[in-house]
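Colleague: Could you have a look at this structure, given as structure tokens, before my questions?
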Amino acid sequence: MMKIIVSAILLFLPATLLAQTFKVTPAGNFVVNDTLIIPAYVVSTEDATSETGELMTPDLPQKNMTARAEISPEMASQLSVYWTYDGWVLVPRGWQLVRAAVGADNSSVYEFREPNNGAGVVSLYDSGGACVGCALSLAAPYFPDAKKEADDMFGQSASGLEAQIHTVKLGKHTLAYSRKNAKGQSVDGLAYYQASDDYEAFTFEVSLPQGQQALATAILNWRLPPKDER
């Protein structure tokens, strides 16, 4: 499924995902629930509007270095957190950022992988609010309205993927889902879509090795929109 989604985004935003220059910089300690310490990093990405390949870095106010979350001390010891243009992304500690790009219209992709050629993946795709095609491509497998509009607008969508996905609705705009990837591994994710104002969509997926499955809920809950926005 991911290959199809990525291909669809490339059709609408080649500049967004082709730029692959990025940098990860330590940002000190992130504090959860006043006592838990999680290593923090900032992700700089290539400026899509620059002709010289300059990097741009999201501002990180000190007030954003703390949070309250349902994370145990044991979980905190296994996690790192990365500051991106889409906010914080929680990732198993020691995993590697392998892809990071932000387009001129703010659409973005961040992908982390398990080290030593492991199969684990944490990935975030966000349409950025300024690309209708990107939003519809991301949302079509999960939201029937988005699929219909993608079919009407572009003559195609991610048809057939819906049957592979088990979904649970969390609100008007948000759902949780599970599926198997091409290798038969379990993938859990969140999908968000709204078209009432600007078209906006994101998907956030987690596929963890067996020994780290307990982290999946904490990682996904970290990216959940506030209840009144779901």
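Colleague: Can you send over the solvent-accessible area of residue 186, 1.4 Å probe, protein chains only, in Å² to the nearest 10?
Modeller: The value for residue 186 is about 60 Å².
Colleague: At a 10 angstrom cut-off on C-beta neighbours, averaged per residue, how do the peptides 42-49, 24-31 rank from highest to lowest?
Modeller: Answer by packing, highest mean first, reads 42-49, 24-31.
Colleague: Please list, ordered by chain and number, the residues whose modelled amide H lies under 5 Å from the amide H of residue 27; skip anything fewer than 5 residues away on the same chain.
Modeller: Excluding prolines and chain starts, which carry no amide H, the hits are 40, 41, 42.
Colleague: Using +1 on the beta carbon of Lys and Arg, -1 on that of Asp and Glu, and nothing else charged, what's the dipole of the range 23-222 about the Cα centre, debye to 20?
Modeller: Once rounded to the nearest 20, the dipole reads 760 debye.
Colleague: Step through the residues of the range 84-97 one at a time and calculate ³J(HN,Hα) from phi using the Karplus curve (6.51 cos²θ - 1.76 cosθ + 1.60, θ = phi - 60°), rounding each to whole Hz and writing x for Gly and Pro.
Modeller: 10, 6, 10, x, 7, 10, 8, 9, x, 5, x, 6, 10, 6
Colleague: Under a Cβ-Cβ cut-off of 13 Å, what is the net charge of the residues other than residue 198 that fall near it, where Lys and Arg count +1 and Asp and Glu count -1? Walk me through the numbers on the way to the answer.
Modeller: Values: positive: none; negative: 105, 126, 197, 200.
Within the 13 Å Cβ shell, the charges total -4.
Colleague: In the full protein assembly as shown, how much of residue 75 is accessible to a 1.4 Å probe, in Å² to the nearest 10?
Modeller: 50
Colleague: For the range 23-222, divide the Cα radius of gyration by the Kirkwood radius and give the resulting Rg/Rh value with two decimals.
Modeller: 0.97
Colleague: Which order do 113, 68, 179 take by accessible area at a 1.4 Å probe, largest first? Intermediate values should be presented prior to the final figure.
Modeller: On the way: 113 90, 68 165, 179 25 Å².
Ranked list, largest accessible area first: 68, 113, 179.
Colleague: Using just the C-alpha positions of the range 180-230 as equal point scatterers, what log10 of I(q)/I(0) does the Debye formula give at each q in 0.14, 0.15 1/Å?
Modeller: Cα-only, vacuum Debye calculation for the range 180-230: -0.46, -0.51.
Colleague: What accessible area per residue comes out for the chain, rounded to a whole number of Å², with a 1.4 Å probe?
Modeller: Dividing the accessible area of the chain by its residue count gives 49 Å².
Colleague: Once you place label points 7 Å from the Cα toward the Cβ at residue 25 and residue 170, how far apart are they in nm?
Modeller: So the label points at residue 25 and residue 170 sit 3.1 nm apart.
The values are calculated or read from the model by the stated rules, or taken from the named source; none is laboratory data. Since the model is a prediction, treat every value here as computed from it, not as a measurement. We place every Cβ from the backbone using ideal geometry, glycine too, and count neighbours over all the protein chains shown. Accessible surface areas use protein heavy atoms only, side chains included; no ligands, DNA or RNA. Shrake-Rupley method; radii C 1.70, N 1.55, O 1.52, S 1.80 Å.
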